[in-house]
Amino acid sequence: MRPLVVIALSLAAPLFVCLALGFGNDPIALQSSRPWLHREGGFVGAENCRACHLDHYASWRATFHATMTQLPQPEVVRGHFDGIAVPCDGGAVVPLARAGRFLMVVPAAAGKTREAEVALVVGSRRYQQYFERQVRGDGSALIRLPILWHILAQRWLPLDTVFLEPDRDEVDSHAATWNDSCILCHNTGPEPRLADPRDPVSASRFDSRVAELGIACESCHGPAAEHGRVRRDPLARYREHLGVSVAAAAVLPTHLEQERAIGVCGQCHGARLPQPLHRIRAWLTTGPTYRPGDLLSEHVTPITAATPVLGNTDPAAFALRFWSDGTPRLTAYEYQGIKQSACYLRGAMTCSSCHSMHAGDPRGQMRPDIQGNATCTQCHEQIARDLTGHTHHVESSAGSSCVECHMPRIVYGVTELHRSHRIDSPDAEREALSGRPHACTLCHVDRSPLWAGEQLRTLWGDRFRVPAARRDRAPIDLPDAIASLHAGDAAARAVYAAAIGRPTATFAEGAAAPLRAHLAVAMGDGYPMVRWLAQRSLASLEERRPSGLSPLLAGIDHTSGEGSRRLAVEGLLDFLATDGKNRMPVPMVGMLMNGDCRLQLGLVIRLTNLQSRNLISIGE
Amino acid sequence: MNDPAAQRALNTGWLLLAVYLPLGLTLEALHALKVQVYFGSELRRELWTLAHAHGTLLGILCLVFASLGDRAVADTSRRARVSSLLRSGAILMPLGFLFGGILNYEGDPSLAILLVPFGGVLLATALLLAARSAPRN
């Protein structure tokens, strides 16, 4: 064989590879060229990070952060776009699929309907929300469509039935604009690009872009263009591996000092306003100015109960997002909760003390190396040495779980009650006076604040005082769950509606029938989400100890109209007082139920009359 | 076998197969049993797969050279040199992949990976020498 032929043959494969890379399919270039995406401000996108960080890329892809915002591809859309009408605020919405497109037939002006095409999908764990693009002059806006798909419940729900707010009959009451709200936290490197923030005519016209749809690497590690450029040189990488030199290092939240570390999560998990406020213009054009590693407080002011609402008809709107003692009661306020906690104020706790973004179960993203009480006892070692001496509960019970008492589920968000991130100790008197649900009675659902106060005083000492009155003015000796379920404000009602059915809830045999009856009454609440949680709890109680209510429960829809809801509640109460009572223990006294399993409705109504008239509207 | 170069290539070939065929079986077992620590590093998996593939194929190449080397490279001293280069390269290259996957970084192998290009150069030189010594019809 001639030498030239040999040389040509040996160069053939390398040349082929180079040509294929130059002209073949390039997923990174393809992604970067999408009209949604920008590569400004040093952002490069997660696909670029993958080359070096294979394992972190893979663990991130498994999280709900990665799929928070997506384009409506068939493999992405979880909703059943099957053409079946979904009742919605007195009308109907029809989700349907046509030629690979996802559409909703929605009510329009003058009693007509129109087709809206899904352009964007937001949400990944509990529910998916759908947005349509509305063209406005030379810009556009992405507007939320009126129904969402609840992934866990596998059903469509009107938006106003999943938020903590009273019944409404306006189909477009939640037609939020993605470009000036959702974009900021559910994407990486957001740029809302409002047409002209000073011109009110163009106030709703955008040309929005993001560095990446969803919450990706650069949300927490900072823009990576320089980091990637330096590390393309293998010598630079090995110098860093061997500890010789580090240039253009990415931000590692676990290596930041405490204040900066919690700011990384707090940029989204801490509802905030721009600081100073006039930065709102920059937010609506080039996006938030905070970058990981910065001090969050230099860019934003976290919202607290005392934050005034400018230009809003309800100046206390922010205050309603907190229990009256300032504890957040809504998700996305975890940063505020942490900053109120002794573990942060007097300890070294950061978000990554308990959570890991690259390991463990994506649900909750708890560190897999320290499960259960170990998250707390990594610092509180002396408690671990004598757990029951501290908890006064059996070691295997929920009462010996640190978080049940110190991080109770009193925070509402996305159709669920979450743990409070204000880590503190239960105090029956403080909670009774502030209206904040009390950790003891979230498990001991047949017990009163009075009982809780006495127990705290007996078991943990004189620093605890027995409460004398409740904020909602319900009798202090009534079981907290029952009093809060009827007399509390909507957030308290939601908390206890969920708590009664939880597996950790414990109660005497004689409380089984009364708790079912009170939950049945809560299924007629004026807030759809309270009804949803009450129905879920009732179903859960029935699962553990059937009383025959299940067939009736299965036929009730918390989104149905007031008339049918009233019939459903009456049906449930009648059943309990007839068939049900034969299968249940005799009701204990003090639970507002007679011995014949009939509720003392007069007293229940007196409790409901104590409900706060504050209309809570929590759109999370 | 009287040719010492062929004998050494034969020994090396069997040695490589003895090491890297069981490695392949081990990797398959780790896959089958879904051993988490093995799946913990994607780069390590790739490097060890490459070690198995290169070790096995280069072992077979050594066996082929042992049986056909005298026909490919007629000159005894040159054959001895080709054999030496081939054996060294065949040992170093898979070893570089294997050790590169031990104490490796997330995106980069450990420094043992330097054995791979070194082994590659030895193999390329052996190939070149053998090609130049091939009898021309």
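Structural remarks
- Residues of the stretch A:379-397 that are part of a loop (DSSP other than H, G, I, E, B) and free of Cβ contacts under 8 Å to residues at least 60 places away in the same chain: A:Cys379, A:His380, A:Asp386, A:His393, A:Val394, A:Glu395, A:Ser396, A:Ser397.
- In the condition set (1) outside any helix (DSSP H, G or I); (2) more than 14 Å from chain A (Cβ to nearest Cβ), B:Pro135 is compliant with all but (2).
- Flag if A:Pro408 is without any contact (Cβ under 8 Å) to a residue 40 or more places away in the chain and within 25 Å of the chain's Cα centre (by Cα): yes
- Inter-residue pairs, beta-carbon under 8 Å, first of a type in the set (Val, Ile, Thr) and in the stretch A:218-232, second surrounded by fewer than 17 Cβ atoms within 10 Å (Cβ to Cβ), 6+ apart: A:Val230/A:Ala247; A:Val230/A:Ala248
- A:His174, sole failed condition from (1) over 18 Å from the mean Cα position of the chain (by Cα); (2) modelled with pLDDT under 95; (3) not aliphatic (A, V, I, L, M): (1)
Residues checked against (1) assigned to a loop (DSSP other than H, G, I, E, B); (2) within 27 Å of A:Asp472 (Cα to Cα); (3) in contact (Cβ under 8 Å) with a residue 12 or more places away in the chain:
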| position | (1), (2), (3) |
| --- | --- |
| A:Ala348 | yes, no, yes |
| A:Asp361 | yes, no, no |
| A:Gly399 | no, yes, yes |
| A:Val403 | no, yes, yes |
| A:His421 | yes, yes, yes |
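- Selection status of B:Asp108, surrounded by fewer than 18 Cβ atoms within 10 Å (Cβ to Cβ), over 17 Å from B:Leu17 (Cβ atoms) and either away from every other protein chain (no Cβ under 14 Å) or modelled with pLDDT of 95 or more (or both): no
- Options B:Ser41, B:Ser83: the member that is within 12 Å of another protein chain (Cβ to nearest Cβ), surrounded by 15 or more Cβ atoms within 10 Å (Cβ to Cβ) and of a type in the set (Ser, Thr, Tyr): B:Ser41
- Residue within the stretch A:25-33 that is part of a loop (DSSP other than H, G, I, E, B) and more than 34 Å from the chain's Cα centre (by Cα) present: yes
- A:Thr458 vs. criteria within 16 Å of A:Pro437 (Cβ to Cβ) and polar (S, T, N, Q): no
- Selection of the stretch A:137-175 for residues being without any contact (Cβ under 8 Å) to a residue 12 or more places away in the chain and either crowded, with 19+ Cβ neighbours inside 10 Å or not assigned by TED's automatic domain parsing to the domain that holds A:Ser208 (or both) yields an empty set.
- Scan the stretch A:250-284 for residues that are in contact with a Pro (Cβ under 6 Å, 6 or more places away or on another chain) and farther than 19 Å from A:Cys354 by Cβ and the total you get is 6.
- From the options A:Asp446, A:Asp462, A:Asp472, A:Asp477, residue that is among the acidic types (Asp, Glu) and within 24 Å of A:His390 (Cβ to Cβ): A:Asp462
- Flag for B:Gly100 being touching a Cys at 6+ places or on another chain (Cβ under 6 Å) and within 28 Å of B:Val37 (Cα to Cα): no
- Test for B:Leu50: is it assigned to a helix (DSSP H, G or I), touching a Gly at 6+ places or on another chain (Cβ under 8 Å) and more than 14 Å from chain A (Cβ to nearest Cβ): no
- Identity of the residue in the stretch A:294-328, of a type in the set (S, T, N, Q) and in a loop (DSSP other than H, G, I, E, B), that ends up surrounded by the most Cβ atoms within 10 Å (Cβ to Cβ): A:Thr327
- Here A:Gly337 meets the list (1) in contact with a Lys or Arg (Cβ under 6 Å, 6 or more places away or on another chain); (2) assigned to a loop (DSSP other than H, G, I, E, B) almost entirely, failing just condition (2).
- Screening the candidates A:Cys440, A:Cys402 for the property of being crowded, with 18+ Cβ neighbours inside 10 Å and touching a Lys or Arg at 6+ places or on another chain (Cβ under 9 Å) yields one hit, A:Cys440.
- The listed residue being touching a Ser or Thr at 6+ places or on another chain (Cβ under 9 Å), surrounded by fewer than 21 Cβ atoms within 10 Å (Cβ to Cβ) and in a helix (DSSP H, G or I), out of B:Leu115, B:Leu122, B:Leu129: B:Leu122
- Residue in the stretch B:44-80 that is surrounded by the fewest Cβ atoms within 10 Å (Cβ to Cβ), counting only those that are over 18 Å from B:Gly96 (Cα atoms) and of a type in the set (Lys, Arg): B:Arg71
- Taking (1) within 14 Å of another protein chain (Cβ to nearest Cβ); (2) of a type outside the set (D, E, K, R); (3) within 12 Å of the chain's Cα centre (by Cα) in turn, B:Leu98 satisfies each apart from (1).
- Residue match in the stretch A:325-340 (condition: among the hydrophobic types (A, V, I, L, M, F, W, C) and more than 30 Å from A:Glu40 (Cα to Cα)): yes
- Residue in the stretch A:343-357 that is more than 21 Å from A:Gly222 (Cα to Cα), surrounded by fewer than 18 Cβ atoms within 10 Å (Cβ to Cβ) and out of contact with any Cys (no Cβ under 9 Å at 6 or more places or on another chain) present: yes
- Top-ranked residue of the stretch A:204-232 - restricted to ones that are more than 23 Å from A:Val122 (Cα to Cα) and basic (Lys, Arg), ranked as surrounded by the fewest Cβ atoms within 10 Å (Cβ to Cβ): A:Arg232
- Among (1) at negative phi; (2) away from every other protein chain (no Cβ under 14 Å); (3) of a type outside the set (Asp, Glu), the one test that A:Cys49 misses: (2)
- Any chance B:Ser77 is assigned to a helix (DSSP H, G or I), away from chain A (no Cβ under 14 Å), free of Cβ contacts under 8 Å to residues at least 12 places away in the same chain and not hydrophobic (A, V, I, L, M, F, W, C): yes
The values are calculated or read from the model by the stated rules, or taken from the named source; none is laboratory data. None of the values given here were measured: they were computed from a predicted structure. All Cβ positions, glycine included, derive from the backbone under ideal geometry; neighbour counts span all protein chains shown.
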